[in-house]
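Student: Please see the structure below; I have some questions.
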Amino acid sequence: MEDMSVRIHLQKIDLKKISISFTWDDNSYRHARLIAPLFEKYRLKCTFYVVPGEKEFTKKYAADYSKLAKNYFEIGSHGYTHKDMQQISDNEIELEFINAIKKIQKNIHRYPITFAFPHHSDSYPLIATARLYHLETRNSLNNSKRYSLKTHTTVKEMVDAVNQAIMDKYNLIFSGHSLILEEEYLNKRNGEGYEPLRFKVLKEFLSNLERYSTIVDIITFAQASIKEFIKHNLIIVNQEYKLDEDSLNQLNKVGVKFKTLESLI
């Protein structure tokens, strides 16, 4: 009988390291024009959670996010219209998932592997529903904590959050919306998005992340989710992780084909 499993050499993925992921919500020009270039400067990637049902999404944002996806940034779903899923019907909930996936696939040419609940509003039934369409939600990754990035957030607070995650051995997920330039901040002008983090703070923090490279993985949330999936579904055979046919089928249902899996690890 043909072996339908996939084997990943132990050296390709270090499950002993905790994962640190940066996630950014909603649609914003600054994702592609400020945040992504800053991450690329330090040879890092992050995750953008988009709302494809927003008016003129295709015209205003799709080209930017499509380019980011081609450059290995993750484009995830933040729901089709950013509705609070605890306040809508089961039929509306299903459409929020399905319509977002369809439009992201059509405009960005990627399946949104992970999901972020709008307003961080979730429940156990909603998470179970989300997992019918996505590998993981930002609210439910095993052994993880989320840290909200806001305008008042300091470099020290971010460093403390990382050190705490390392000490307690949990995955850390930073979540924000956008960035505010220092000139805007000092002149008390609005940036873009809800409580945008200061550009200066993110730049300083990212410039010092290399010192953690031997003990943490700075990766997209999809990559962090794949690591946890492998950790809880693997079989070790001859110094390799073996993902069996059932695990592969489970991944395929949420957009993780073999080529996608290879690129994520």
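Student: Could you give me the residue pairs with C-beta distances under 9 Å whose first residue belongs to segment 57-74 and is of a type in the set (S, T, N, Q), whose second residue is surrounded by fewer than 17 Cβ atoms within 10 Å (Cβ to Cβ) and part of a helix (DSSP H, G or I) wherever it lies, and which are 6+ apart or on separate chains?
Tutor: 58/106; 71/40
Student: Considering only segment 176-211, how many residues are of a type in the set (S, T, N, Q) and surrounded by 21 or more Cβ atoms within 10 Å (Cβ to Cβ)?
Tutor: 1
Student: Being under 16 Å from the mean Cα position of the chain (by Cα) and not in a loop (DSSP other than H, G, I, E, B) is the filter here; which residues of segment 237-265 pass it?
Tutor: Residues satisfying the conditions are 260, 261, 263, 264.
Student: Same structure again: Among (1) of a type outside the set (A, V, I, L, M); (2) at pLDDT 95 or above; (3) more than 18 Å from the chain's Cα centre (by Cα), there is one condition residue 56 misses while meeting the rest; what is its number?
Tutor: Condition not satisfied by residue 56: (2).
Student: Among the helices (runs of 4 or more DSSP H) contained in segment 149-236, which hold 3 or more residues that are over 21 Å from the mean Cα position of the chain (by Cα) and under 19 Å from residue 33 (Cα atoms)?
Tutor: The helices (runs of 4 or more DSSP H) meeting that bar are 182-186.
Student: Read through the list (1) at pLDDT below 95; (2) buried (at least 17 other Cβ atoms within 10 Å of the Cβ); (3) more than 20 Å from the chain's Cα centre (by Cα), then give the number of the only condition that residue 139 fails.
Tutor: Exception for residue 139: condition (3).
Student: Name the residue, out of 252, 171, that is among the polar types (S, T, N, Q) and buried (at least 21 other Cβ atoms within 10 Å of the Cβ).
Tutor: Among 252, 171, only 171 is among the polar types (S, T, N, Q) and buried (at least 21 other Cβ atoms within 10 Å of the Cβ).
Student: Which of the following residues is part of a helix (DSSP H, G or I), within 16 Å of the chain's Cα centre (by Cα), crowded, with 16+ Cβ neighbours inside 10 Å and at pLDDT 95 or above: 35, 93?
Tutor: Within the list 35, 93, the selection yields 35.
The values are calculated or read from the model by the stated rules, or taken from the named source; none is laboratory data. If you're wondering where the values come from, they're calculated on a predicted model, not measured in any experiment. Backbone-built Cβ (ideal geometry, glycine too); neighbour counts: all protein chains shown.
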